[in-house]
1. Taking 7 Å along the Cα-to-C-beta vector as the label spot, tell me the ILE155-SER89 distance in nanometres, rounded to one decimal.
2. Please give the FRET efficiency for TYR231 paired with LYS131, using the beta carbon to beta carbon distance and R0 = 35 Å, rounded to the nearest 0.05.
3. From the convex hull of the Cα coordinates of the stretch 176-230, what is the mean projected area in square nanometres?
4. How long is the gain from ALA188 to PHE223 if the chain were fully straight, where each residue apart is worth 0.36 nm and the alpha carbon distance is subtracted?
5. Can you give the Kirkwood hydrodynamic radius of the stretch 98-242 from its Cα pairs, in Å with one decimal?
6. Could you run the Karplus curve 6.51 cos²θ - 1.76 cosθ + 1.60 with θ = phi - 60° over the stretch 196-208 and give me ³J(HN,Hα) per residue in whole Hz, x for Gly and Pro?
7. Calculate one ³J(HN,Hα) per residue across the stretch 218-234 by plugging θ = phi - 60° into the Karplus curve 6.51 cos²θ - 1.76 cosθ + 1.60, and present them in order as whole Hz with x for glycine and proline.
8. To make sure I understand the rule: partners must be lysines, Cα under 19 Å from the Cα of LYS240, and not fewer than 8 residues away in the same chain. Which ones qualify?
Amino acid sequence: MKYLIHRGGQQYGPYSVEELKQFVASGNVLPSDMAWAEGMPAWVPVSQILGGAPAQAPAPAPSYQAPSPAFAQPPSAAPASLSVPTPASGPVPPSLHWALVLVITIFCGIFGLIWLFVQAAFVRKLDPNNKSIMMFVVSFLVAIGGWIVMVAVGIGIGGTAAAMGSERLGMVLPVIFLTYLIVAVLSAVFGLLGVFGMRRSLLNYYNTVEPIGLQLSPVMTFFFALFYFQYHFTRIANWKRTGVLAA
């Protein structure tokens, strides 16, 4: 008998029991991956097929051969919730609905900044080497420090120009604008380093340790990181509670 393997919404195989044993031993198949063969009423963990094979450390999604035409679709008796792995004991992300985060941020901008740090703190639990919090702190300090410098420069140049004559007051505005531009660019660069660092850690974790086939658009991350991440955090939190991963 040969078995079809499901992981992260993808299906591979079919493979014989001996092949599955080899894949589990090498770490290319996890005991928690779901397996099915013709005649079975439902998907079951690979460990059940192999009679309690020892668990291996989570591994990247394997590059198996293309699915056999005979196993192109899972059986109708298999519940849809088994198309993704059973939730593991990893941390549960903050589950506040993304639309609520958006509304609160519109009326209270500081909340969006605070919530971004909440998200980054969660990502740090998944990846202790993630540096997003540090990037956000630097971005914030650059913005605050830049504004202070900009005001000081404006006041200093304005006073000097006023003392030298009103015809030179026009020199103040270009300097202030240039200072503002430099500060804005530096702050944005560190902020983007932070959000894309979060994206990298999320993709790595949710495609290896808890492989749900997570995909994060670079464009959406660039423009809407706070709300885009929260949308997926809510999905994952619901999956943790119910075992069903919504689209």
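1. 5.7 nm
2. Details: r = 24 Å, r/R0 = 0.67.
E between TYR231 and LYS131, to the nearest 0.05, is 0.90.
3. Details: hull surface 16.4 nm².
Mean projected area for the stretch 176-230: 4.1 nm², to one decimal.
4. On the way: separation 35, 0.36 × 35 = 12.60 nm, distance 1.16 nm.
Taking 0.36 nm per residue and subtracting the Cα distance, the gain is 11.4 nm.
5. Details: mean 1/r = 0.0572 Å⁻¹.
Taking the inverse mean of 1/r over all distinct Cα pairs, the stretch 98-242 comes out at 17.5 Å.
6. Ordered by residue, 3J(HN,Hα) equals 6, x, 4, 4, 4, 5, 5, 4, 5, 5, 8, 10, 10 Hz.
7. Per residue, the Karplus-derived 3J(HN,Hα) values read x, 5, 5, 5, 5, 8, 10, 3, 4, 7, 5, 4, 5, 4, 6, 4, 5 Hz.
8. LYS125
Read-outs: derived from the displayed coordinates by stated rules, not from any lab. Just so we're clear, the structure is a prediction, and the values are computed from it rather than from any experiment. Glycine also receives a Cβ, built like all others from the backbone with ideal geometry; neighbour counts cover every protein chain displayed.
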